[in-house]
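Enquirer: Once you've had a glance at the structure underneath, I'll fire off some questions.
The values are calculated or read from the model by the stated rules, or taken from the named source; none is laboratory data. The shown structure was predicted, so the numbers you read here are calculated from the model rather than taken from an experiment. Cβ: placed from backbone, ideal geometry, glycine included. Neighbour counts: every protein chain shown. What goes into the accessible areas is simple: the full protein's heavy atoms, side chains included, and nothing from ligands, DNA or RNA. Shrake-Rupley method; radii C 1.70, N 1.55, O 1.52, S 1.80 Å.
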Amino acid sequence: MTAFPATPFGSADRIELEPHPLAVVRHESIRIDDVRAAFDTGYAAIGRLFADGTLQPAGPALAIYRGNPMEQFDLELGFPVAVTLTGPVEANGTTVSPAVLPAGRALATTTHGSYDHLGSAWSALVESADAAGLSPRGISIEVYVSDPTEAPERLRTDLILPLN
């Protein structure tokens, strides 16, 4: 199953992630307070590469968190792309790098509404994994299916928890 389905996931769907080329902006050892600025600069840089034809999007924006988002963690912000980048590209003074969507077993859910509710949706997904005896890999993926400028009640975010 793809990580970018047209229809929403259920409360805790088991899926198989396939590797897919990404264009990302990487941030190492950041804190949750730094995320908004990281999103603004990262997505703006990638947007510039879409606008000038360097990249072609092949799915919605996403964020890949590695580690505990309540502490220091690594973050990749980006998009699936139609053609793999051959190396880093500069845009707006920001480096956009090639990456690959983590492949393998995962648990997924969809949440609708304000991004303020993502924490409780993540908690429910992690609890579902624990209840099923599944072991997360320490990676969390948010797929921002809807345009973030839409009204909060119209937002759709898919949450994906890769498993060992």
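Enquirer: Averaged per residue, what accessible area in Å² does the chain show with a 1.4 Å probe, protein chains only?
Expert: Solvent-accessible surface per residue comes out at 50 Å².
Enquirer: After finding the eigenvalues of the alpha carbon gyration tensor for the chain, what semi-axes result from the square roots of 5 times each, listed largest first in whole Å?
Expert: 25, 17, 16
Enquirer: Going by a ≥ b ≥ c, the root eigenvalues of the Cα gyration tensor, does region 90-164 fall in the rounded group (a/c under 1.5), the prolate group (a/b larger than b/c) or the oblate group?
Expert: oblate
Enquirer: Under a crude label model (7 Å from the Cα following the beta-carbon direction), how far is Ala103 from Thr149 in nanometres?
Expert: The two pseudo-label positions are separated by 3.7 nm.
Enquirer: Taking the inverse of the average 1/r across all pairs of different Cα atoms in region 47-117, what Kirkwood radius in Å do you get?
Expert: The answer is 14.4 Å.
Enquirer: Nearest 10 degrees is fine. How inclined is helix 118-131 to the longest principal axis of the chain, computing both from alpha carbons?
Expert: With rounding to tens, the tilt is 50 degrees.
Enquirer: Angle, helix 35-51 long axis vs. longest principal axis of the chain, Cα atoms, 0 to 90°, nearest 10?
Expert: The angle comes out near 50 degrees.
Enquirer: Read phi for every residue in region 150-164 and hand back ³J(HN,Hα) as whole Hz from Karplus 6.51 cos²θ - 1.76 cosθ + 1.60, θ = phi - 60°, with x for Gly and Pro.
Expert: Calculated HN-Hα couplings, in order: 5, 4, x, 5, 9, 6, 10, 10, 8, 10, 10, 10, x, 10, 6 Hz.
Enquirer: Further, regarding this structure: Using DSSP loop states and a limit of at most 10 other Cβ atoms within 10 Å to flag GluC sites (Glu not before Pro), what is the longest stretch of the chain containing no flagged site?
Expert: Longest stretch, sites excluded: 72-149.
Enquirer: Here's something else I'd like to know. Determine the distance separating the Cα centre of region 77-112 from the Cα centre of region 1-63; give it in Å without decimals.
Expert: 5 Å
Enquirer: Related question: Rounded, prolate or oblate, given the Cα gyration tensor of region 1-87, with a/c below 1.5 counting as rounded?
Expert: oblate
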